[in-house]
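Here the structure comes first, spelled out in structure tokens, and everything after it is commentary.
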Amino acid sequence: MGLVLLAAGCRYKFKYTIKLCNSKFYAEVYNINPAGVDEAYFTDSTTFRVYIGKFDNEHEMFKYVCDGDSITINKMAQDATGRMKIVGTRVLSVLNLSKNKVNSKEPLFEFK
């Protein structure tokens, strides 16, 4: 019975979308665990979708910075004082993602 309840609680459920770069791109966030673990994807909704990774929605987040053809994705996490700090950075070429119709299943950031 306990396994059934545990399995039922771990469902993939859409939470929200963040519009990025003047609404040209989106970050989609899904709840995957009732303990506060979410998953994020970066997409243009038609030609590419990049799996950013999992994050603890109480202590971590992703921050997106648009700059011309590229987007910088920073993984932010609380330090011991409670301040958010950058713990990882990835820069993506939107032109490359669109041209190659990227649909990644490997996370840009590992979940710890």
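The values are calculated or read from the model by the stated rules, or taken from the named source; none is laboratory data. These figures come from a predicted structure and were not determined experimentally. Backbone-built Cβ (ideal geometry, glycine too); neighbour counts: all protein chains shown.
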For the condition without any contact (Cβ under 8 Å) to a residue 12 or more places away in the chain, touching a strand residue (DSSP E or B) at 6+ places or on another chain (Cβ under 6 Å) and not hydrophobic (A, V, I, L, M, F, W, C), what is the one hit in 79, 44? 79
Pull up segment 69-96, narrow it to residues that are under 16 Å from the mean Cα position of the chain (by Cα) and among the polar types (S, T, N, Q), then point me to the one that is surrounded by the most Cβ atoms within 10 Å (Cβ to Cβ). 74
Residue under evaluation residue 63, criteria (1) part of a loop (DSSP other than H, G, I, E, B); (2) surrounded by 12 or more Cβ atoms within 10 Å (Cβ to Cβ), criterion not met: (1)
For a quick check of your reading of the model, give me the residue pairs whose first member lies in segment 1-25 and is under 18 Å from residue 73 (Cβ atoms), whose second is modelled with pLDDT under 55 and part of a strand (DSSP E or B), with beta-carbon atoms closer than 8 Å and at least 6 apart or on different chains. none
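Filter segment 82-112 down to residues that are outside any loop (DSSP other than H, G, I, E, B), polar (S, T, N, Q) and touching a residue at least 40 places away in the same chain (Cβ under 8 Å) and give me whichever is nearest to residue 49 (Cα to Cα). So that I can check it myself, show each step before the final result.
Filtering segment 82-112 down to residues outside any loop (DSSP other than H, G, I, E, B) leaves 84-99, 103.
Adding the requirement that they be polar (S, T, N, Q) leaves 89, 93, 96, 98, 103.
From what is left, the residues that are touching a residue at least 40 places away in the same chain (Cβ under 8 Å) are 98, 103.
On the way: 98: 9, 103: 5 Å.
Per the criteria, the residue is 103.
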Which count do you get for residues in segment 13-60 that are surrounded by fewer than 18 Cβ atoms within 10 Å (Cβ to Cβ) and among the β-branched types (Val, Ile, Thr)? 6
Before we move on, is residue 86 touching a strand residue (DSSP E or B) at 6+ places or on another chain (Cβ under 9 Å) and within 18 Å of residue 17 (Cα to Cα)? no
